[in-house]
Amino acid sequence: MTPADRSLSTADVDDVFEVLADWRRRAVCHYFASGDQTTANVAVLASAISEQEGTSTVDATDTSPSTIRTQLEEEHLPVLHRIGLIDYDERSGAVKYWGSPTVEKWADHAQAVTQRTDF
C-alpha cells in the first residue's frame, strides 16, 4: 500500500469507527495529530498515552506504560496498520502516521464527548 492509497478522507464508515472504538487508538491519533511528529516508536507512544490517560475517567483499567505498550503491540497498532492510518513495523517498533482529517475530526469529537460529566 502506498501513501496515496492510505487516504481515509473517503474511508468506509466502518473503518473510521473501528479506529475510534477504543480509547487507545484514539490516543494514538491524538498523539500524532496534536504535534508535529509523524513517526514514533511504540515505547514513546505508550508513555505518552499513559500520561495522557492517567488523568482521564473514561477507562479505569491499568494505564501503566508497559500495559499500554503490550496492548498497542498486540491489538491496536495492527488495526491502525490494517486500515492504512499508520505503518507499523513489529520488529523495530517503529510507527509512521499518515494522518486522516476524517479520523482526526471524529477523534476530537469523541474526546470532547467523553470528557463531559453531565450525561
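Considering the range 88-98, the residues that are outside any strand (DSSP E or B) and surrounded by fewer than 17 Cβ atoms within 10 Å (Cβ to Cβ) include one that is nearest to the chain's Cα centre (by Cα), namely E90. Screening the range 1-31 for residues that are modelled with pLDDT of 90 or more and closer than 13 Å to W98 by Cβ and picking the one that is surrounded by the fewest Cβ atoms within 10 Å (Cβ to Cβ) gives C29.
The values are calculated or read from the model by the stated rules, or taken from the named source; none is laboratory data. Everything numeric here is computed off the predicted structure, so don't read it as measured data. Virtual Cβ from ideal backbone geometry, glycine too; neighbours counted across all protein chains shown.
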